[in-house]
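The values are calculated or read from the model by the stated rules, or taken from the named source; none is laboratory data. Just so it is clear, the model here is predicted, and its values are computed rather than measured. Note that we place each Cβ from the backbone using ideal geometry, even for glycine, and neighbour counts take in every protein chain shown. Heads up: the accessible areas ignore ligands, DNA and RNA and are worked out on the full protein's heavy atoms, side chains in. Shrake-Rupley method; radii C 1.70, N 1.55, O 1.52, S 1.80 Å.
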Amino acid sequence: MEIHPKITPIYQTSVFKFDDLNELEQYFGEPGSRYMYSRNGNPNSDELAEAVNRLEGGAGAIATGSGMAAIFAALLAFCKAGDHVLCAADIYGGSSSLLNAELSRMGITVTYVPFEQLYDLGQYVQPTTRLLLAETLSNPLLRVADLRQLATECHKHGLKLVVDNTFASPIITKPLGLGADITLHSVTKYISGHSDVTAGVVVAADAEVAARLKQIGMYYGLTLSPMESWLAVRGLKTLRLRMREHSYNALAIAQFLQEQPAVRAVYYPGLADHPQHALAKEQGQGLFGGMMSFRLADDNEVVNGFMQRCQRFPFAPSLAGVDSSLSYPLGTSHRYLTPEQQQDLGITVGLIRLSVGIEPAEELIKDLQQALNA
């Protein structure tokens with residue numbers, strides 16, 4: 001009896017068998033024609049990588065064990081010992097920790113570029129500079145990078161542009177179509193969407209770079225497991241619907257927060273007074289995502305009391321699930337920055353980051369209202 005499943009089964013196997021030596025030679029002679037060892041490739045991880053590759057319009061992709069592994073692979077695709085990397089200053093704290101702690105051990109140096117100077121890189125470029133790492137929507141203050149202008153500036157200086165597109169997702173922005181050389185995701189967040197997977201994906205605009213990424217993934221053992229790949233593919237199927245609801249809810253909450261006396265500032269690109277609102281609207285196809293930040297008084301008791309009173313926004317250090325949550329950048333994602341760096345980036349005691357889910361917006365607003373009123 002032949003079996004024709006509607007969805008790809010889970011290939012929960014570490015190795016694949018061969019009938020004879022001719023099949024083995026076929027594996028080595030025709031890459032992609034056979035599977036041998038799941039670290040080198042598995043139908044489930046390949047399905048996830050190719051699905052995100054198609055969404056981003058790339059020439060090839062790999063699925064990795066986490067978003068951090070995706071960043072690591074993207075950097076190694078272009079860098080070697082002795083090279084220099086530029087990085088947007090307001091980036092996820094884990095990314096800067098990777099650059100500072102681990103790439104320095106490999107002999108790769110880094111310089112951080114303030115957001116306002118990203119489009120004038122001349123003063124930062126060195127003879128050994130290879131790339132710029134930036135985010136579509138910055139974490140945690142939701143600044144919007146003009147990716148087309150950024151790509152032009154990078155290529156003018158012979159640099160590659162690597163864009164972390166996690167906050168936006170390919171439903172909102174496709175960095176490769178705006179000139180980026182690599183785009184990557186923490187699949188843990190919006191692509192999977194259900195807070196039950198830890199994964200990453202790296203997508204290359206060039207086929208040779210994509211081949212290099214696959215080599216890196218195989219040699220460093222970055223490959224994603226079959227089960228988590230399968231779960232991520234399942235989540236990906238509802239990404240378009242989820243991003244619309246995330247965006248709708250987030251805009252409603254941002255507008256509500258702007259009217260609250262206890263809230264000192266709201267950071268959401270969907271607001272008309274956001275400094276890059278017009279750019280976000282054009283680059284994001286009218287959607288602005290489900291992430292935002294806002295400020296209360298710089299008082300630990302005020303912040304902690306608010307967080308404890310929230311019932312629909314549990315305190316969790318991650319983001320982008322279907323269920324809403326809140327996070328505290330000063331104590332989680334950016335805690336390892338120096339106090340000076342935190343101050344420069346505006347990451348203070350009163351800053352709270354919201355990941356707005358797909359629950360009814362009125363229920364979320366009601367919960368925030370009672371927490372702020374108290």
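What residue, among those in segment 265-310 that are assigned to a loop (DSSP other than H, G, I, E, B) and among the charged types (D, E, K, R), is least open to solvent (accessible area, probe 1.4 Å)? Only one residue tops the list, namely 299. The strands (runs of 3 or more DSSP E) falling completely within segment 142-225 include none with 3 or more residues that are open to solvent by less than 10 Å² (accessible area, probe 1.4 Å) and under 29 Å from residue 265 (Cβ atoms). Here the condition is being out of contact with any strand residue (DSSP E or B) (no Cβ under 8 Å at 6 or more places or on another chain) and charged (D, E, K, R); of 309, 264, 353, it holds for 309 alone. When segment 104-141 is filtered for residues that are open to solvent by 40 Å² or more (accessible area, probe 1.4 Å), under 22 Å from the mean Cα position of the chain (by Cα), under 23 Å from residue 276 (Cα atoms) and touching a residue at least 12 places away in the same chain (Cβ under 8 Å), the ones remaining, listed by number, are 112, 114, 119. For residue 279, the conditions (1) more than 17 Å from the chain's Cα centre (by Cα); (2) closer than 21 Å to residue 347 by Cα are fulfilled apart from (2).
Selection within segment 1-44: residues that are among the hydrophobic types (A, V, I, L, M, F, W, C) and open to solvent by 70 Å² or more (accessible area, probe 1.4 Å). The member of this set that is farthest from residue 240 (Cα to Cα) is 21.
Residue 312 meets each of the listed conditions (1) touching a Pro at 6+ places or on another chain (Cβ under 6 Å); (2) modelled with pLDDT of 95 or more apart from (1).
Here segment 319-359 is the region considered, the condition is being assigned to a loop (DSSP other than H, G, I, E, B), in contact (Cβ under 8 Å) with a residue 40 or more places away in the chain and open to solvent by 50 Å² or more (accessible area, probe 1.4 Å), and the residue that is farthest from residue 248 (Cα to Cα) is 336. Being under 22 Å from the mean Cα position of the chain (by Cα), at negative phi and modelled with pLDDT under 95 holds for only one residue in 286, 270, 357, 331, and it is 331. Counting just the residues of segment 45-103 that are open to solvent by 10 Å² or more (accessible area, probe 1.4 Å) and in contact with a Pro (Cβ under 6 Å, 6 or more places away or on another chain), which one comes out farthest from residue 160 (Cα to Cα)? Per the stated criteria, the residue is 55.
Residues in segment 99-141 that are of a type in the set (A, V, I, L, M, F, W, C) and assigned to a loop (DSSP other than H, G, I, E, B): 108, 118, 125, 141. Just one residue in the set 182, 172 is touching a Gly at 6+ places or on another chain (Cβ under 8 Å) and either free of Cβ contacts under 8 Å to residues at least 60 places away in the same chain or assigned by the TED database to the domain that holds residue 211 (or both); that residue is 172.
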